[in-house]
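**Student:** Before I ask anything, let me first share the structure, which is written out below as structure tokens.
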């Protein structure tokens, strides 16, 4: 029987789903202040330390593809519990890693576990809600989750200063253990019994083919991937730009990183209010405009010779705001046509997110030297690309919405449309 405090439409369930999605920033932002010190202690180059982030993103991308079909067959909760156990074990191995190679591999397995924590809450939302209501729920989750990228770097910086980088991974492992207990005790299973899909290669390929051939899905996916890639250009490049080029201590870097993340709080709060008033698409459009503005502001500030630390951080406040306006709504729009295989569709979204982030992280790491220009150009390019995709695909997305079938009652709360195409 479902716990009464975790029924759909309750803030308690929203908070638990938000905690799960926070595994992404917890696993990255908390250790980011330690990246230069990891290189020094393990005798690794900048590019090798960057691989601890890129391997995490690669593992995350692979995990998205694995967990989607499994969750559509066996349910959200058992899949999530298995993945969380893997996350906790791998986090502990990260803490005891003696070489950079061991840390890179352990980070990949940590990501394989953490991928389900970020991907499956989106499928849970799609199980329960649709349309603007799904976008509102994702924005509420984003508003709660946005505290993680603000708090995580500060905690990581303090732990790095007092205890060193290994203690950071011990804390991450402990968070994994506590969350596993919470999910086991309280998370309801939201996959309807009659919606379970067999895990057969031919069936999986048909589902993936149907998903990636949907033009509206691809349009939303382009916005998600480009905006997220810009964020990870900042995550992968800022520790070295702000600490090595501009001489911030780990603690002050954590403060600067946290200030930049304040934009996520602003964007998520604004999105949860706007989406029910102006709709998904206009909220996405506003977000992509703000993304482009943040990236171009960063480029302009470097060109004009403005104080670098302040201008970089304030530009990222703007970018973060746009990200939380655009990305949750784009995820809701991407999953809307696939009520019968939301896990698989969510896995495609997650795989593409992480793959694009890994690629931009490697690129920025290779290009960084004695200037912040590679970082600024990458962020501006991704912000502008998201705006271009939104503007160029408006007719495609509007047509997809117009052909959706009338809503039908859902067993939990709100109505879900029997949207086309239905995937085998």
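**Student:** Could you say which residue among 310, 324 is assigned to a helix (DSSP H, G or I) and free of Cβ contacts under 8 Å to residues at least 12 places away in the same chain? Outline the logic, then answer.
**Tutor:** Working: 324 fails: free of Cβ contacts under 8 Å to residues at least 12 places away in the same chain.
Answer to the selection: 310.
**Student:** Taking residue 44 as the residue in question, decide whether it is assigned to a loop (DSSP other than H, G, I, E, B) and within 25 Å of residue 153 (Cβ to Cβ). Don't jump to the end; show me each part of the working.
**Tutor:** On the way: assigned to a loop (DSSP other than H, G, I, E, B): yes; within 25 Å of residue 153 (Cβ to Cβ): yes.
Against the criterion (assigned to a loop (DSSP other than H, G, I, E, B) and within 25 Å of residue 153 (Cβ to Cβ)), residue 44 qualifies.
**Student:** Hey, can you tell me all the residues within region 216-248 that are in a loop (DSSP other than H, G, I, E, B) and touching a residue at least 40 places away in the same chain (Cβ under 8 Å)?
**Tutor:** 246, 248
**Student:** To continue, here is another question. Give me the pairs: first residue in region 65-83 and on the phi > 0 side of the Ramachandran plot and free of Cβ contacts under 8 Å to residues at least 24 places away in the same chain, second residue buried (at least 18 other Cβ atoms within 10 Å of the Cβ) and assigned to a loop (DSSP other than H, G, I, E, B), beta-carbon distance under 8 Å, and six or more apart or on different chains, which are they?
**Tutor:** none
**Student:** What tally of residues in region 90-105 results from selecting those that are part of a helix (DSSP H, G or I) and surrounded by fewer than 24 Cβ atoms within 10 Å (Cβ to Cβ)? Steps first, answer last, please.
**Tutor:** Step one: filter region 90-105 for residues part of a helix (DSSP H, G or I), giving 90-95, 100-105.
Checking which are surrounded by fewer than 24 Cβ atoms within 10 Å (Cβ to Cβ) leaves us with 92-93, 95, 100-102, 104-105.
Qualifying residue count for the region: 8.
Results for (1) closer than 22 Å to residue 335 by Cα; (2) more than 22 Å from the chain's Cα centre (by Cα), shown as yes or no for each residue.
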position	(1), (2)
237	no, no
250	no, yes
257	no, no
263	no, no
267	yes, no
274	yes, no
286	yes, no
302	no, yes
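**Student:** Residues of region 117-165 being surrounded by fewer than 24 Cβ atoms within 10 Å (Cβ to Cβ), at pLDDT 85 or above and over 15 Å from residue 27 (Cβ atoms), which ones?
**Tutor:** If the condition is that a residue be surrounded by fewer than 24 Cβ atoms within 10 Å (Cβ to Cβ), at pLDDT 85 or above and over 15 Å from residue 27 (Cβ atoms), then 154, 158, 161, 162, 163, 164 are the ones that fit.
**Student:** Kindly indicate which of 400, 359, 376, 391 is more than 20 Å from residue 57 (Cα to Cα), surrounded by fewer than 24 Cβ atoms within 10 Å (Cβ to Cβ), at pLDDT 80 or above and touching a helix residue (DSSP H, G or I) at 6+ places or on another chain (Cβ under 9 Å).
**Tutor:** Values: 400 fails: at pLDDT 80 or above; 359 fails: more than 20 Å from residue 57 (Cα to Cα); 376 fails: surrounded by fewer than 24 Cβ atoms within 10 Å (Cβ to Cβ).
Every option except 391 fails the conditions.
**Student:** Name the residues in region 258-300 that are without any contact (Cβ under 8 Å) to a residue 24 or more places away in the chain and surrounded by 17 or more Cβ atoms within 10 Å (Cβ to Cβ), would you? Working first, answer last.
**Tutor:** Taking region 258-300 first, the residues without any contact (Cβ under 8 Å) to a residue 24 or more places away in the chain are 273, 277-278, 282, 297, 300.
Matches in region 258-300: 297 only.
Results for (1) at pLDDT below 80; (2) out of contact with any helix residue (DSSP H, G or I) (no Cβ under 6 Å at 6 or more places or on another chain), shown as yes or no for each residue.
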| site | (1), (2) |
| --- | --- |
| 172 | no, no |
| 192 | yes, yes |
| 197 | yes, no |
| 215 | no, no |
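**Student:** I've got another one for you. Can you report the number of residues in region 65-89 which are crowded, with 24+ Cβ neighbours inside 10 Å and over 16 Å from residue 178 (Cβ atoms)?
**Tutor:** 6
**Student:** Within region 225-239, can one find any residue that is in contact with a helix residue (DSSP H, G or I) (Cβ under 9 Å, 6 or more places away or on another chain), over 24 Å from residue 151 (Cα atoms) and at pLDDT 85 or above?
**Tutor:** Let us first name the residues in region 225-239 that are in contact with a helix residue (DSSP H, G or I) (Cβ under 9 Å, 6 or more places away or on another chain), namely 225-239.
Then drop every residue that is not over 24 Å from residue 151 (Cα atoms), which leaves 225-226.
Now restrict to residues that are at pLDDT 85 or above: 225-226.
There is at least one residue in region 225-239 that is in contact with a helix residue (DSSP H, G or I) (Cβ under 9 Å, 6 or more places away or on another chain), over 24 Å from residue 151 (Cα atoms) and at pLDDT 85 or above.
The values are calculated or read from the model by the stated rules, or taken from the named source; none is laboratory data. Source: prediction; values computed, not measured. Please note: Cβ atoms are built from the backbone with ideal geometry, for glycine as well, and neighbour counts cover all protein chains shown.
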